[in-house]
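Values in this text are rule-based calculations from the coordinates and carry no lab data. Source: prediction; values computed, not measured. Counting neighbours? That spans all protein chains shown, and the Cβs are built from the backbone with ideal geometry, glycine included.
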Amino acid sequence: MESGKGSVKAVALIIGDNNIKGSLQFLQQSNVAGSTHVSGRITGLSPGLHGFHIHALGDTTNGCNSTGPHFNPLKKDHGAPIDDERHAGDLGNIVAGPDGVAEISIRDAQIPLSGVHSILGRAVVVHADPDDLGRGGHDLSKTTGNAGARVGCGIIGLQSSV
Ligand SMILES: *[C@@H]1O[C@H](CO)[C@@H](O)[C@H](O)[C@H]1NC(C)=O
Ligand SMILES: [Cu+2]
Ligand SMILES: [Zn+2]
């Protein structure tokens, strides 16, 4: 893919429980105003849906548990990617097949790689359970989507744009 002048690229290596690992690429293209494309794959997951978010901190001193809450610069409630009421970091769910592999391709307008709401230096986190997208009626639905344990994560770092 042509990255183009003025685009910004980032990468996150996912490491997690058991054999969970992966590599994600982030691309913000100068000619696609206000959106970032996230692509890649994560392996070693249990089959099915897994909550997938940008968390506020790039701190893995206590594994994925120290990456803080969902990235939420606009002080909103948790929701689905398509909702107005959502955390910027709410990317919904990824789905792993029977082989435990999730292929990821997400385009989202609230996760820029530049500017005051940049996600650079923060963490991408994959959870044990499905994100209920704020609709589950659980105590945690409006804060975390009740997505359970943090089974894998990686820090989003700047990559060469060349
Ligand atoms: C992270 O928190 C979970 C509870 O949500 C706990 O089971 C797990 O042991 C913690 N991991 C680390 C590395 O502290
Ligand atoms: Cu999360
Ligand atoms: Zn959230």
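Kindly provide the set of residues from region 50-82 that are over 20 Å from N18 (Cα atoms) and away from ligand 2 (no atom under 16 Å from the Cβ), ordered by number. Within region 50-82, L74, K75, I82 qualify.
Could we say that A147 is within 16 Å of the chain's Cα centre (by Cα) and either without any contact (Cβ under 8 Å) to a residue 24 or more places away in the chain or under 17 Å from G68 (Cβ atoms) (or both) here? The answer is yes for A147. Restricting attention to region 84-103, which residues are aliphatic (A, V, I, L, M) and either within 11 Å of ligand 2 (Cβ to nearest atom) or surrounded by fewer than 20 Cβ atoms within 10 Å (Cβ to Cβ) (or both)? Across region 84-103, the qualifying residues are L91, V95, V101.
Restricted to region 35-54, and to residues there that are within 13 Å of Q110 (Cα to Cα) and either surrounded by 23 or more Cβ atoms within 10 Å (Cβ to Cβ) or under 12 Å from the mean Cα position of the chain (by Cα) (or both), the residue that is farthest from ligand 3 (Cβ to nearest atom) is H37. The lone criterion from (1) within 16 Å of ligand 1 (Cβ to nearest atom); (2) in contact (Cβ under 8 Å) with a residue 12 or more places away in the chain; (3) in contact with a Leu (Cβ under 8 Å, 6 or more places away or on another chain) left unmet by H55 is number (3). Scanning region 131-152 for residues being within 16 Å of ligand 1 (Cβ to nearest atom) and buried (at least 19 other Cβ atoms within 10 Å of the Cβ) gives a total of 8.
Out of A123, A96, A88, one residue alone is hydrophobic (A, V, I, L, M, F, W, C), in contact (Cβ under 8 Å) with a residue 24 or more places away in the chain and within 16 Å of ligand 1 (Cβ to nearest atom). It is A123.
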